[in-house]
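Read the structure below first, then the notes.
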Amino acid sequence: MERLIQGAKRLGVELTPRQLEQFHSYYREIVSWNKQINLTAIVNYEKVQIKHFLDSLTVTLAIDKAAIKNEANLSVIDVGTGAGLPGIPLRILFPQIKLALLDSTSKKTAFLCHVTKQLGLDGVEIITGRAEEVAHQPQYREQFQLVLSRALAQLPTLAELTLPFCQIGGTVIAQKKGELSRELTNAANAINTLGGKLRELKKIDLEEFKDERYLVIIDKTHPTPQEYPRRPGVPARRPIQ
């Protein structure tokens, strides 16, 4: 996993032999299960290391790595996680975090249940459901210090699907690609309405990525009104203006 090792070093991360073993096992399980269910179009060994694993680890550029290592049970949810990205790579890197993985597709959550056991990632909660519905359940609403999403939706919709999970004082980190100025403008009111404040748009500057990649970092500053998120499908069809 040399591509992952070198890329991680540029992020300030040294991967242990055990972590590299977990990443290699994770790759094998993705390729195996991908024959039955659509987890990813990318299965090439080097490309998975870069476009899935290293890309997931770029979220560490938006967090205090030393603080996470010293904090027990940091609560994290990955919304719309798919094959477990970026949540599982982050849990491999920081074994002490309390991780929940949310996806609406039961075949994908079956894979997540299997792969977390195979990798020895104890205590990861796997949730099958729509974010619009799960975010209204008391055990998940405003319960997480860190909310992650990767290629989930346009920013106005993404804000509605993620901020209700985030506790006040917590942070949403959304991984996005391409030119974002119009999305950010369109999302400004939604972010504020849902209890957030844009902290930073952080560009990912790694030689492994030739396209434009960013971390959209949103702090949760006040409670999300109870009517949000709206019922399934509405945030995408009628984003908050």
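The values are calculated or read from the model by the stated rules, or taken from the named source; none is laboratory data. Given the structure is predicted, the values throughout are model-derived calculations rather than measurements. Cβ: placed from backbone, ideal geometry, glycine included. Neighbour counts: every protein chain shown.
Applying the set (1) in contact with a Lys or Arg (Cβ under 8 Å, 6 or more places away or on another chain); (2) surrounded by fewer than 16 Cβ atoms within 10 Å (Cβ to Cβ); (3) part of a helix (DSSP H, G or I) to residue 182 leaves exactly one unmet item: (1).
So which helices (runs of 4 or more DSSP H) are wholly in the range 1-73 and hold at least 1 residues that are modelled with pLDDT of 95 or more?
Numbers: elements: 2-10, 17-33, 65-70.
The helices (runs of 4 or more DSSP H) meeting that bar are 2-10, 17-33.
For residue 109, indicate whether it is in a helix (DSSP H, G or I) and in contact (Cβ under 8 Å) with a residue 60 or more places away in the chain. No. With respect to the conditions (1) within 26 Å of residue 54 (Cα to Cα); (2) free of Cβ contacts under 8 Å to residues at least 40 places away in the same chain; (3) not in a strand (DSSP E or B), residue 163 falls short on a single one, namely (2).
Can you tell me which residue in the range 40-73 is nearest to the chain's Cα centre (by Cα), limited to those that are farther than 15 Å from residue 27 by Cβ, among the polar types (S, T, N, Q) and surrounded by fewer than 18 Cβ atoms within 10 Å (Cβ to Cβ)? In this case the residue turns out to be 73. Filtering the range 208-223 to residues that are among the basic types (Lys, Arg) and assigned to a strand (DSSP E or B) leaves 213, 220. Of all the criteria given as (1) closer than 25 Å to residue 68 by Cβ; (2) out of contact with any Lys or Arg (no Cβ under 6 Å at 6 or more places or on another chain); (3) in contact (Cβ under 8 Å) with a residue 60 or more places away in the chain, the one not satisfied by residue 218 is (3). Look at (1) of a type outside the set (Phe, Trp, Tyr); (2) under 18 Å from residue 125 (Cα atoms); (3) within 12 Å of the chain's Cα centre (by Cα) and you find that residue 175 fails only one, number (2). For the residues 207, 142, 160, the requirement of being among the charged types (D, E, K, R) and loosely packed, with under 14 Cβ neighbours inside 10 Å singles out 207. Counting only residues that are surrounded by fewer than 16 Cβ atoms within 10 Å (Cβ to Cβ) and either touching a Leu at 6+ places or on another chain (Cβ under 6 Å) or of a type outside the set (D, E, K, R) (or both), the range 111-136 holds 6 of them. Can you name the residue in the range 74-94 that is more than 18 Å from residue 52 (Cα to Cα) and modelled with pLDDT of 95 or more and, of all such residues, is nearest to the chain's Cα centre (by Cα)? Filtering first and then ranking leaves 76.
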